[in-house]
Amino acid sequence: NRVMEKLPTRGIIPAIDRFIDGYKGSAIYTNQYGAEMLTSAKRIPIVDWVIAISIPTKDAFSPILAMQKRMVTATLIMTFIIGFLFWLILYRQLHPLTRAIQLISSMIQTNNQSIEPLPIKNPDEIGKLFGNFNTLIGRLEKQKVSLEENEVYLNALIEAIPDAIFLKNAHGNWLITNQPAKELFQLSGLEWQG
């Protein structure tokens, strides 16, 4: 019904005035009825005509707006899914460390004299860390046993010497005494911590 329709008077719609003045291409403007329009135009110089095609922007851009909504929705869903998978992977990878912290804390709280090795479930980086920790625990246990044996030998050696042998720290506390030293200084069991 608008084919070959007479254009509005010059100055009413500046976008149409631009097309008449020779602009070729597309423009968005509001028509005389208040509707936002997308118009493309091209001048035909032979007959001095301007061919224009108009469509309301709500119709022209509705597929783009619908696609944008779908993309935002898909992005939110994928972000949630990827975030959940990322959390799940991190939880699975770091769970052995959390368990190791709990085991070590329970060993500290119970004042357990022997430190138990950590369980190794996977031969990954955390498994290697636990393996090295367990090796260190083994070495410390061997050093502890060696120190205890050396202390027994030292005490036996000190007791075997007939002369008085004693050792005090800077605060005057008795650290080591043998029987002749106890007799010499008349020490009871409460006075020395050896």
Within the stretch 146-166, how many residues turn out to be among the hydrophobic types (A, V, I, L, M, F, W, C) and either in contact (Cβ under 8 Å) with a residue 24 or more places away in the chain or open to solvent by 70 Å² or more (accessible area, probe 1.4 Å) (or both)?
6
Do you know which of the residues in the stretch 87-137 that are charged (D, E, K, R) and open to solvent by 80 Å² or more (accessible area, probe 1.4 Å) is modelled with the lowest pLDDT?
E116
Of (1) modelled with pLDDT under 85; (2) open to solvent by less than 60 Å² (accessible area, probe 1.4 Å); (3) among the aliphatic types (A, V, I, L, M), I51 satisfies all except one. Which?
(2)
Selection within the stretch 105-126 - in contact (Cβ under 8 Å) with a residue 12 or more places away in the chain and assigned to a helix (DSSP H, G or I):
I126
Return a yes/no flag: does the stretch 28-37 have any residue that is at pLDDT below 95, under 44 Å from the mean Cα position of the chain (by Cα) and open to solvent by less than 80 Å² (accessible area, probe 1.4 Å).
no
Does T73 qualify as being open to solvent by less than 100 Å² (accessible area, probe 1.4 Å), closer than 30 Å to I120 by Cβ and part of a helix (DSSP H, G or I)?
no
Does the stretch 151-164 contain at least one residue that is within 28 Å of L94 (Cβ to Cβ), out of contact with any Gly (no Cβ under 7 Å at 6 or more places or on another chain), in a helix (DSSP H, G or I) and not aliphatic (A, V, I, L, M)?
no
Name the residues in the stretch 29-51 that are in a loop (DSSP other than H, G, I, E, B) and either touching a Lys or Arg at 6+ places or on another chain (Cβ under 7 Å) or acidic (D, E) (or both), would you?
D48
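The values are calculated or read from the model by the stated rules, or taken from the named source; none is laboratory data. Since the model is a prediction, treat every value here as computed from it, not as a measurement. For neighbour counting, all protein chains shown are included, and Cβ atoms are generated from backbone atoms with ideal geometry for every residue, glycine included. Note: areas computed on protein heavy atoms with side chains; ligands, DNA, RNA excluded. Shrake-Rupley method; radii C 1.70, N 1.55, O 1.52, S 1.80 Å.
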